[in-house]
Amino acid sequence: MYIQPKLFFGDPALTIIIDLTPILLLFVLLAGLRLSAWKATLIASLFTLFFAMALGAPPDQTATAWAIGALFGTWSISWLIFWGVVWFNTWRLAGYLDAFKYWMFQNVTRDMRVLTIALVWAFGALIEGLIGFGTPWAYIVPILVSLGIPTLRAITIMAVANTAPVSYGAFGIPVVTLAGVTGLPLMFTSSSVAHVVAVLAMVITFVLLYLIDGWRGIREAWPAALIGGLGYVLGQFTTAVYLGPYLPDIIGSIFAFIFIVALSKVWQPSNIVQPPRLEINSVDRGKIVRAWISLIVFVTIMGLWNSPISPLTKFVLATFKVSAFSQVLNKTVAVAYSFNPFATGTSALVAWLITLPLMGISARQVAEAVKVTWRQMWGAVLTGVFVISLGFVFNFSGMAYSLAYLTTGIGIFFIVISPFLGWIGAALTGSNTSSNALFGPFQEAVATLLGMPAGLLPALQSVGAELGKPVAPQTVSAGVSTSEYVRREGEVVRNNLKYSISLVFVLVLIGVSYLLLFPWPFILH
C-alpha cells in the first residue's frame, strides 16, 4: 500500500511548493493564459497525474485514482448536467419560460422593489437550480433592464442574488462533488452546507433591497425581503437536510414565489415605486397551466427518485476504490466511487421523457433542445470529468493531506481563512464545483487535524465559493452575454468586487458563530 508522507523529501518549504503546484498551474491556465475551462482542467489533471507519479505514488494506483475521478465526474456530474439542461431548454423552447414570467408579473405587486426580489431571488434560484453556470444572469438581467434598471446595476443585483443558491445549483453538483472528494456522506454534506446557506440567505435578501433602492427600499419593502428569504430557506433547508442536494434550489425557489405572491395579496409598500417601464408579452392561461404542471411533475420525479427512502439510490453495480496510508491522519484513506446506473442524471433523463407529452412539444423542438444543450454544455461536460480526476489524484497522492498538516499551525483561526479559500477557488476557476474539488479534501483534512466538526470547514468552503461567483471571469462572461457589457467584463468584476468580499466577511462571522455557539449540525455522528 502506498504511504502518503507528512512531508515530501522531509522539507516543509518544498512540500508547500509541491502541494500548491497543481492548483497554481490550473489558476495560471485559467486566469493567466485564459484557456477555456475544459482545456485548463484537462492539462492540469494530466500534469497532476504524472507529477504525483514523479513524487513516488505508484503509477498503476495513481492512474486508477485518476480514472475513478473521471468516472465520478462523468456519471455523477456531467450526465446530470446534460439531461438537466436538456429538460430546461425543452421547457424554454416550448414557451413555458415566458409563460412562467408572465404569470409572475400578473401575480406579484407592481412595486419595483418587490417585483425585482421575486425575479432575482425566486426566479433566479429556480434557473440556478435547473441549469446554473451563470445562466440566471443571462436570462434575468434583460428583464431587469426592461423594467428600467440601468444595466450595470441590474448585473450587480443579479450577481449578489445568485450567490446563496450556487452550492445547490445545477441539481446540487457542487455539493455532490464536495461529498465525493472529501469522502463525507452526501446527506451529511448537504445538511452542513444548508445550515450555513440558510443564515447567509436571510442577509442577502436585505442586501438586494439596498442595491435596488437604497435605505428607502429597506425601510419601505423589508417584509418582501424577510418573507422571500424565509420562503426560500424553508424549502431549501428542508430539502437539503432531509432529501439531499439535488432539489433544494428548485423547491426553495417555488416556496419563495408562493410566499411573495401570498404577501402581495395582503400587503403593499406604503409608497409604491413603479418600474420606469414595463415590457411583457401576454400568454394564454393554458400555457401557464402547462408550464406549472410540467415543472411540478419534473421536480416530483426527481425528488422521489433521489430521496433517501428511494431504493434506486442504494443500488450499486460496482465499487471502484484505491487506498493509501496517510502518515498525517495515521490511518488508511481511499478514493472510491460506487457506480449506480440509476444515478441522478438518469432520473433527469427519465423525468424529461415523462414530461415531454405534458409539454405538447414537437419532435423538431425536442431535437433542437438536445442540439442547443450540447452546443452550450459540451465544455462544462468535459470540465466536470477532468476537474474531479484532478481532485482525486491530489487527494490520493497525499498533497491535500500534507498541505493540511502544514496549515494546522494557525490552529482554530483557520476558520477565518477557510471561506476565502473557497472564494479564491471560484473567483479564479469560475466554478463552485471546481473550487470544491480542489480545496474540499484539504478543508476536510484540516478540520480532522484540528478536531473541529467534520462538516464545518467543507461547508464554509462551498459557501465561500458561492460568494466568489460575482467576480469569476467565466461566470461574468456567460452572465453578460445578453447585455452590452460583452467584452467589458472587467468593469463588471470591479463593480461586484466590494459586495463579493464584504459577504465573505459576513460568512466568516457565521462560521465563527456556529463553531462557538452551535457546532452540533456539523458533527459527523
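Details
- Within the accessible area of the chain (1.4 Å probe), percent carbon and sulfur: 68 percent
- Working note: Cα atoms of the stretch 307-422, range along each principal axis, descending, whole Å: 62, 32, 25.
- Maximal additional length on extending the Leu449-Arg219 stretch stands at 78.2 nm, based on 0.36 nm per residue less the C-alpha distance.
- Hydrodynamic radius (Kirkwood) for the stretch 104-172, which is based on Cα pairs only, to one decimal in Å: 11.9 Å
- Under the simplified labelling scheme, the Leu524-Arg110 pair shows an inter-label distance of 5.6 nm, with each label point 7 Å from Cα along Cα→Cβ.
- Cα-based radius of gyration of the stretch 240-299 once divided by 2.2 N^0.38 Å, which approximates compact folds: 1.51
- Multiplying the residue separation of Ser513 and Trp374 by 0.36 nm and removing their Cα-Cα distance gives an extension gain of 45.7 nm.
- Ordering 309-320, 292-303 by mean Cβ neighbour count within 10 Å, with the highest value first, yields 292-303, 309-320.
- Angstrom value of the Kirkwood radius, inverse mean 1/r, which spans all Cα pairs in the stretch 119-215: 14.1 Å
- Projected-area average for the chain over all orientations - Cα convex hull basis, square nanometres: 22.9 nm²
- From phi via Karplus (6.51, -1.76, 1.60), per-residue ³J(HN,Hα) for the stretch 410-419 in Hz, x at Gly/Pro: 7, x, 5, 5, 4, 4, 6, 7, 3, x
- Annotation: amide H of Val273 within the under-5 Å range of Met112, Arg113, sequence separation 5 or more or interchain, hydrogens built in the peptide plane.
- Note on Lys287: aspartates and glutamates with a C-alpha under 15 Å away, same-chain residues under 8 apart excluded, are Asp98.
- Percent RCO, i.e. relative contact order, over the stretch 66-220, from Cα pairs under 8 Å lying at least 6 residues apart: 23 percent
- Accessible area of the stretch 1-158 divided out per residue, in Å², using a probe of 1.4 angstrom: 31 Å²
- Once the Cβ-Cβ distance of Leu304 and Phe339 is raised to the sixth power relative to R0 = 35 Å, the FRET efficiency obtained is 0.95.
- Distance from the C-alpha centroid of the stretch 217-236 to that of the stretch 22-100: 36 Å, rounded to the whole angstrom.
- Angle in degrees between helix 432-450 and the longest Cα principal axis of the chain, rounded to the nearest 10: 50 degrees
- For Arg375, solvent-accessible area (1.4 Å; no DNA, RNA or ligand), Å²: 150 Å²
- With Cα atoms, 0 to 90° folded angle of helix 248-266 axis to the chain main axis: 30 degrees
- Remark: relative contact order (the stretch 103-158) = 27 percent; criterion is Cα-Cα distance under 8 angstrom and separation of 6 or more residues.
- Cα-based equivalent ellipsoid of the stretch 22-139: semi-axis lengths in Å, sorted from largest, via gyration tensor: 42, 17, 11
- For the pair Ala262 and Lys498, a Förster radius of 25 Å applied to the C-beta separation gives a FRET efficiency near 0.15, rounded to the nearest 0.05.
- Relative contact order, whole percent, for the stretch 145-275 stands at 26, derived from Cα pairs under 8 Å and 6 or more residues apart.
- Relative to the longest principal axis of the Cα atoms of the chain, the long axis of helix 12-27 makes an angle of roughly 40 degrees.
The values are calculated or read from the model by the stated rules, or taken from the named source; none is laboratory data. Since the structure is predicted, the reported quantities are computational estimates derived from the model, not experimental observations. Glycine also receives a Cβ, built like all others from the backbone with ideal geometry; neighbour counts cover every protein chain displayed. Ligands, DNA and RNA are excluded from the accessible area calculation, which covers all protein heavy atoms including side chains. Shrake-Rupley method; radii C 1.70, N 1.55, O 1.52, S 1.80 Å.
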